[in-house]
1. In what sequence do Tyr244, Tyr39 fall when counting other Cβ within 10 Å, fewest first?
2. Please give the FRET efficiency for Thr177 paired with Met229, using the beta carbon to beta carbon distance and R0 = 30 Å, rounded to the nearest 0.05.
3. Can you spot the aspartates and glutamates whose alpha carbon is less than 13 Å from Lys175's alpha carbon? Ignore those fewer than 8 places along the same chain.
4. Using amide H atoms built 1.01 Å from N in the peptide plane, name the residues 5+ places from Val110, or on other chains, whose amide H lies under 5 Å from its own.
5. Whose amide H sits under 5 Å from the amide H of Glu206, counting only residues 5 or more places off or on another chain, with H placed in the peptide plane?
6. What are the extents of the Cα atoms of the stretch 142-235 along their three principal axes, listed from largest to smallest and rounded to whole Å?
7. Taking amide H atoms as placed 1.01 Å from N in the peptide plane, list the residues 5 or more away in sequence, or in a different chain, whose amide H sits under 5 Å from that of Ala185.
Amino acid sequence: MTDRAIIDWPAWTDSPPGRYVLDWEQTQLDRVVSDVFGYHALQLGLPQLDALRENRMPCRGLVLDAASGASAPYAFPRGLTHAGTRPGSNRGAASAGSAGLPAPAGRSAVWCDLLDLPFEAQSVDLIVMPHTLEFTSDPHRLLREAERVLMPEGQLIILGFNSLSLWGARQSVGKMTGRPFVPAAVDLIAFTRLKDWIKLLGFDLERGRFGCYRPPLGSEQWLARYGFMEAAGDRWWPIFGATYMIKAIKRVRGMRLVGPLKVKKPVLAPGLAPAATPNTRNHTQ
């Protein structure tokens with residue numbers, strides 16, 4: 001992104017509000033992804049957050065895009081003309097391991113264009129997008145790409161800043177004055193609008209949760225003073241949390257599971273026994 005008014009993620013995540021938000025999001029992700037099973041899981045952007053560390057799928061990947069501020073602080077691999085494509089190739093993905101880039105333990109990192117994911121259709125079981133929609137130039141297209149590569153019954157987890165919150169209000173004022181409070185390339189996406197988007201793509205919303213109810217303050221000392229607002233906000237004004245997490249499932253209408261039909265044996269009523277079949281040898285005349 002060329003907009004220099006955007007806050008860089010590395011600098012922001014080292015700040016007190018950044019650590020406050022990422023700690024909440026990491027806790028939520030650790031709890032949610034541990035119960036998602038399959039073979040392939042992807043995290044799109046934001047390497048400062050290890051979204052898949054509690055997931056047990058054998059193939060877990062970190063997908064990064066050089067055009068997105070959410071991929072910092074990783075440097076763009078040498079020899080790539082644009083995201084994920086080497087000179088002379090039509091389309092492809094560059095492995096971070098081959099470029100000497102670090103990746104979380106137990107998974108690989110791939111550089112590509114997030115709006116043109118180099119994965120086959122219906123090949124991924126889980127996709128996590130931590131604030132990725134806020135850094136892409138086309139959120140609708142990114143959601144369509146996620147729907148394309150997800151398998152039927154695959155799960156999509158989205159994290160973002162809530163525009164209907166004190167943080168969202170401060171972000172709106174900050175962007176007008178050239179001093180945004182949170183890193184985002186586009187306007188913050190309201191939770192209600194995002195629900196409509198994913199429903200139009202055929203997803204069923206399974207879970208939604210808000211968090212981070214403290215005011216948008218830059219001091220760790222002042223954030224600590226408002227710690228009591230966490231429990232109060234979760235009870236009295238849950239939809240006004242600074243961040244949200246959505247978990248949705250891709251549904252394919254009209255699809256039926258195919259398998260052997262198991263016929264259950266009829267259960268006898270209590271106290272009854274099957275009628276005995278007469279035995280010709282023991283039949284008395």
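1. Ordered from fewest to most neighbouring Cβ atoms within 10 Å, Tyr244, Tyr39 come out as Tyr39, Tyr244.
2. That pair, Thr177 with Met229, gives E of 0.70.
3. Here the aspartates and glutamates satisfying the reach criterion relative to Lys175 are Asp3, Asp187.
4. Those qualifying (amide H under 5 Å, at least 5 residues apart or on another chain) are Leu62, Val63, Leu64, Ala96.
5. Residues meeting the criterion, in which the H sits 1.01 Å from N, are Lys247, Ala248, Ile249.
6. 46, 33, 19
7. Counting only residues 5 or more places away or on other chains, the set is Phe135.
Readers should treat all values here as calculations from the given coordinates under stated rules, not as data from a laboratory. Keep in mind that what you see is a predicted model, and the values were worked out from it rather than measured. As a convention, Cβ positions derive from the backbone with ideal geometry for all residues, glycine included, and neighbour counts pool all protein chains shown.
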